[in-house]
Amino acid sequence: MDLDDQSEPPRPPEDPPEPDRESVYKDCQGEIDKHKWIASQQAGRDMGEEAVKDWVRRHWWGYLRAKWMEHLQGVRHWTELDHGDFGLLQREFPVDRELLDTILNKLKAGQENLCIIRWAIDSHLPLDPVIQILEALDVNSRRLVHQFDSV
């Protein structure tokens, strides 16, 4: 045994740090402010709450869907979304990342389940994995209402 060798034993790998938790509502405020500024510039007056309601009506669901995909992918932890869903896609579908990424991109672009199933059929893809991913995502049951959404 070499007495000069005093190296430390290898350490077990550390878990990656959990991303900061962020609020969807706080994050969207920047998008709303940009929309309000542009609308006010175009109108030549402060559009105020009218512009906010317009953004919610036109953009909220797409914005929320994109944030929800980040949450499911484990990219960002959004506090308003189900904690158990954070990183779900990495846990449930570690094998076929290309199919998963394609489906996620289609959902982020606003496509619905039926459009994705038709795409899979047209592309001659096996439907079982596509349907399994869509069922796990369950996009139609995950809704978060914006405070101005009742308008």
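The values are calculated or read from the model by the stated rules, or taken from the named source; none is laboratory data. Note that the structure is predicted; figures quoted are calculated from it, not measured. Cβ placement follows ideal geometry from the backbone for every residue including glycine, while neighbour counts extend to all protein chains displayed.
Within the range 113-138, the residues that satisfy the criterion of being closer than 24 Å to G74 by Cα, surrounded by fewer than 16 Cβ atoms within 10 Å (Cβ to Cβ) and either in contact with a Lys or Arg (Cβ under 9 Å, 6 or more places away or on another chain) or at pLDDT below 90 (or both) are Q132, E135, A136, D138.
Selection of helices (runs of 4 or more DSSP H) fully inside the range 1-108 by the criterion of at least 3 residues being modelled with pLDDT of 85 or more and assigned by TED's automatic domain parsing to the domain that holds W119 returns 97-108. In this structure, T102 does not qualify as under 17 Å from the mean Cα position of the chain (by Cα) and in contact (Cβ under 8 Å) with a residue 40 or more places away in the chain. Scoring V75 on the criteria (1) in contact with a Pro (Cβ under 8 Å, 6 or more places away or on another chain); (2) among the β-branched types (V, I, T); (3) more than 26 Å from S23 (Cα to Cα) leaves a single failure, condition (3). In the condition set (1) of a type in the set (A, V, I, L, M); (2) under 30 Å from H124 (Cβ atoms); (3) buried (at least 18 other Cβ atoms within 10 Å of the Cβ), L99 is compliant with all but (3).
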